[in-house]
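Asks: Before we start, here is the structure in question, set down as structure tokens.
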Amino acid sequence: MKWAYLAVLAFVLSLLSCDRAVSQTLVPREQIREKVNENVLFLMGGQLGAPFNQLAHDISVVVEDGDNLRVLPVVGGAAVQNVKDVLFLRSIDMALTTHETLNHLQATGELGPHLEQQLTYIATLFPNPLQILARSDAKSIKDLNGKKVNFNNKGSATAQFVPKVFKTLGIDTQEFYMSQGDAVEKLRRGEIDATICSCPTPVPAYANVKPEWGLRFVTVPYEGPLQASYLPGSISNEDYPDLVGKEAAVDTIAAFTVLISFNWQKDTVRYKRTEKFVNAFFSKFSEFLKPPRHPLWKQVNLAATIPGWTRFPAAEEWLRNWRASEAKRLEADFKQFMSEQTTTQSKDELFREFQIWVNKRK
């Protein structure tokens with residue numbers, strides 16, 4: 001019995017030591033799991049191949065800092081759906097949308113009252129020109145009266161708002177809703193007369209269009225009630241070398257893209273996580289201006305504001321500190337410039353000389 005007891009005791013002790021070893025290996029693993037999840041944000045982009053998705057990928061690449069900060073782009077719907085996802089999907093931290101989408105959802109109250117208190121914007125980004133690709137017999141949006149027109153996928157800003165642009169201008173159409181790739185194919189075969197995207201240029205499906213297909217962009221007048229909701233825009237040869245002449249431009253209207261976040265309370269984990277992203281996004285912004293990042297980043301004015309909406313507090317603080325730092329740097333530069341001057345000049349001459357001096361130092 002004694003030897004049997006000792007054998008059982010040895011077996012029990014071996015199990016305890018195994019449990020201890022497993023525990024010791026699990027603790028570091030759980031720590032790693034915790035650290036990784038603390039520093040990951042999910043960003044709603046757009047559909048596969050859409051500009052929103054390309055831009056979300058750029059953001060992910062530029063701000064990535066190993067396990068310290070990662071942004072995972074999520075393939076999603078489009079502008080309207082992205083706002084809903086930020087509000088209601090538990091894991092979504094940020095999204096790309098448009099200012100017209102925000103204003104529309106705020107005005108209708110379809111996502112609840114006081115939307116401007118639940119959402120904040122981190123930065124305004126680039127214009128979304130209204131791009132209408134049509135058969136060659138159409139030159140203006142008004143030539144599409146009575147025609148078959150695709151308004152992008154349902155849930156997109158195009159599908160939500162552009163039919164209203166047509167109605168505002170007194171243009172009746174037969175409405176279709178499908179992806180741009182499918183629409184271009186139907187356009188080539190003559191099954192529809194035009195396809196539309198209110199989104200950043202270039203739209204990949206449009207960029208692949210061959211001149212011999214007989215398609216063209218049509219103009220949209222910036223007039224009347226459209227001026228209350230849109231800005232003037234244009235489509236150039238730089239956007240579509242095969243569809244727009246070198247010295248030509250197609251006049252249209254434009255909304256602009258916005259990077260938004262939920263309005264987290266400052267003492268929460270989600271706020272601190274988004275704050276970490278904000279600091280990386282703003283401080284590394286010069287990286288967005290280099291190849292192979294999308295050329296649209298060169299059009300961004302980070303300091304631009306959206307009337308009626310609040311910027312995420314950490315973003316507002318970063319910009320405030322940046323302005324103060326730039327002011328001090330400019331003051332120091334001016335003092336050094338003045339110390340080097342030996343001739344008496346007018347204020348205008350001094351200002352011009354100072355601008356030249358500053359540019360040479362960049």
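Asks: Could you check the stretch 143-158 and list, in sequence order, the residues that are open to solvent by less than 20 Å² (accessible area, probe 1.4 Å) and part of a helix (DSSP H, G or I)?
Replies: If the condition is that a residue be open to solvent by less than 20 Å² (accessible area, probe 1.4 Å) and part of a helix (DSSP H, G or I), then LEU144, ALA157, THR158 are the ones that fit.
Asks: Another question, if that's okay. Determine which member of the set ILE59, ILE132, ILE122 is modelled with pLDDT of 95 or more, buried (at least 21 other Cβ atoms within 10 Å of the Cβ) and not in a strand (DSSP E or B).
Replies: So the residue among ILE59, ILE132, ILE122 that is modelled with pLDDT of 95 or more, buried (at least 21 other Cβ atoms within 10 Å of the Cβ) and not in a strand (DSSP E or B) is ILE59.
Asks: Give the stretch 273-312 a look and list any residue that's farther than 24 Å from PRO204 by Cβ, open to solvent by 80 Å² or more (accessible area, probe 1.4 Å) and of a type in the set (Lys, Arg), or say none.
Replies: LYS276
Asks: Here are some residues: THR252, THR268, THR257. Which one is surrounded by fewer than 18 Cβ atoms within 10 Å (Cβ to Cβ) and among the hydroxyl-bearing types (Ser, Thr, Tyr)?
Replies: THR268 is the lone residue from the list that is surrounded by fewer than 18 Cβ atoms within 10 Å (Cβ to Cβ) and among the hydroxyl-bearing types (Ser, Thr, Tyr).
Asks: With (1) assigned to a loop (DSSP other than H, G, I, E, B); (2) more than 30 Å from ASN237 (Cα to Cα) as the list, and LEU87 as the residue in question, which single condition is left unmet?
Replies: In the conditions (1) assigned to a loop (DSSP other than H, G, I, E, B); (2) more than 30 Å from ASN237 (Cα to Cα), LEU87 misses (1) alone.
Asks: Further question: Hey, can you tell me all the residues within the stretch 113-129 that are farther than 24 Å from ILE59 by Cα and of a type in the set (A, V, I, L, M, F, W, C)? It would help to see each step written out before you state the result.
Replies: First, pick out the residues of the stretch 113-129 that are farther than 24 Å from ILE59 by Cα: 113-117.
Once the filter is applied, which keeps residues that are farther than 24 Å from ILE59 by Cα and of a type in the set (A, V, I, L, M, F, W, C), the stretch 113-129 yields only LEU115.
Asks: Determine which member of the set LYS266, LYS290, LYS276, LYS298 is out of contact with any Phe, Trp or Tyr (no Cβ under 6 Å at 6 or more places or on another chain), closer than 21 Å to ASP58 by Cβ and touching a residue at least 24 places away in the same chain (Cβ under 8 Å). Talk me through it step by step, then tell me what you get.
Replies: On the way: LYS266 fails: closer than 21 Å to ASP58 by Cβ; LYS290 fails: touching a residue at least 24 places away in the same chain (Cβ under 8 Å); LYS298 fails: touching a residue at least 24 places away in the same chain (Cβ under 8 Å).
Every option except LYS276 fails the conditions.
Asks: For ASN237, which of the numbered conditions (1) more than 13 Å from ALA134 (Cα to Cα); (2) open to solvent by 10 Å² or more (accessible area, probe 1.4 Å); (3) out of contact with any Lys or Arg (no Cβ under 7 Å at 6 or more places or on another chain) fails to hold?
Replies: Only one criterion is unmet by ASN237, namely (3).
Asks: I need every pair where a residue in the stretch 162-178 that is aliphatic (A, V, I, L, M) has its Cβ under 8 Å from the Cβ of a residue that is assigned to a helix (DSSP H, G or I) and open to solvent by 70 Å² or more (accessible area, probe 1.4 Å), sequence separation at least 6 or different chains.
Replies: Taking only residues 6 or more apart or on different chains, the pairs are LEU169/LYS142; ILE171/LYS142.
The values are calculated or read from the model by the stated rules, or taken from the named source; none is laboratory data. This structure is a prediction, so every number in the text was calculated from the model and none was measured. Because the Cβ atoms are built from the backbone with ideal geometry, glycine has one as well, and the counts that use them run over all protein chains shown. Accessible surface is based on the protein model in full, side chains and every heavy atom, while ligands, DNA and RNA are left aside. Shrake-Rupley method; radii C 1.70, N 1.55, O 1.52, S 1.80 Å.
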